[in-house]
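J.: Would you mind keeping the following structure in view while I ask a few things?
Throughout, read-outs are computed from the coordinates displayed, never taken from laboratory work. Since we're looking at a predicted model, the values are computed, not measured. Methodologically, a virtual Cβ is constructed for each residue, glycine included, from the backbone with ideal geometry; neighbour enumeration extends over all protein chains shown.
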Amino acid sequence: MKNPINPPKMPEIDKPQFKSFPTDKGERDRRVKKEFEEQVVQIDRVARVVAGGKRLRFRAIIVIGNKLGKVGLGVAKANDVVSAVAKAKNSAQKNLIQVPIKNDTIPHEIYQTYGSARVLLKPAAKGTGIIAGGSVRIVASLAGIKNILGKILGSKGKINNLKAVILALTSFIEGKNETR
């Protein structure tokens, strides 16, 4: 008679090893970390007024890029800085765009607006470098653009300026030629 408490052991079948798929979330994060560089643009303390007073949270703005034409922007809020940065990084990974780079610069001049932010980007000759301020410099360096001239006009807000730069770089892909 067979023992019902200890059933016979089944022979184990070798499980296929998939090296291309991450086995856990941590492994995926490590791979992404190697592929992309990240730069924290701004961390702000924001408050919401509720019945009992003010509820404080933190907002993080992060740009990630692989210096080979892929760049992404992430904005997120959380109760602490570490969580806000992690959420913004995750958001940036989901919002990656491919930037067309031609001879280490952009294909043509472009003028783009987003809200009150206005951005002017111009291609530059080899050896010029990134001559631009704040938001344009961060996005261009992480995208891998080595020579560019940029000017931020209008708004001084970081989020709208970053979104205007990202929108300008995506409009090359879509074929919109918004030049001035």
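J.: Mind sorting SER155, SER135 by how few other Cβ atoms lie within 10 Å of their own Cβ, fewest first? If you can, show how the numbers build up before the last one.
T.: Details: SER155 17, SER135 26.
Fewest-to-most ranking of SER155, SER135: SER155, SER135.
J.: Starting from region 49-107, pick out the trypsin sites (Lys or Arg not before Pro) whose DSSP state is loop and whose Cβ has at most 16 other Cβ atoms within 10 Å. Don't skip to the answer; put the middle values down first.
T.: Values: sites: LYS54, ARG55, ARG57, ARG59, LYS67, LYS70, LYS77, LYS87, LYS89, LYS94, LYS102; in loops: LYS67.
In loop regions of region 49-107 (DSSP not H, G, I, E or B), the sparsely surrounded trypsin sites (Lys or Arg not before Pro) are LYS67.
J.: Right, another one. Spelling out what I want: for every residue of region 79-85, take phi, set θ = phi - 60°, compute 6.51 cos²θ - 1.76 cosθ + 1.60 (Karplus), and round to whole Hz; glycine and proline get x.
T.: Once rounded to whole Hz, the list reads 6, 9, 5, 4, 5, 5, 5.
J.: Which value in nm describes the separation of the simple spin-label points at VAL82 and LEU153, placed 7 Å from the Cα toward the beta carbon?
T.: The modelled label-to-label distance comes out at 4.5 nm.
J.: Set the bar at 23 Å for Cα to Cα. Now go through LYS34/LYS163; LYS67/LYS89; LYS34/LYS70; LYS34/LYS158 and name every pair that lies beyond it.
T.: Values: LYS34/LYS163 25 Å; LYS67/LYS89 16 Å; LYS34/LYS70 14 Å; LYS34/LYS158 26 Å.
Check vs 23 Å cut-off fails for LYS34/LYS163; LYS34/LYS158.
J.: Sum up the charges of everything whose Cβ sits under 12 Å from the Cβ of SER83, counting Lys and Arg as +1 and Asp and Glu as -1, but leave SER83 out. Don't skip to the answer; put the middle values down first.
T.: Values: positive: ARG57, ARG59, LYS77, LYS87, LYS89; negative: ASP80.
Summing Lys/Arg as +1 and Asp/Glu as -1 gives +4.
J.: Then there is this: Label 7 Å along Cα→Cβ of THR113; region 131-165 residues with amide nitrogen under 13 Å?
T.: The answer is 153-155, whose backbone nitrogens lie closer than 13 Å to the label point.
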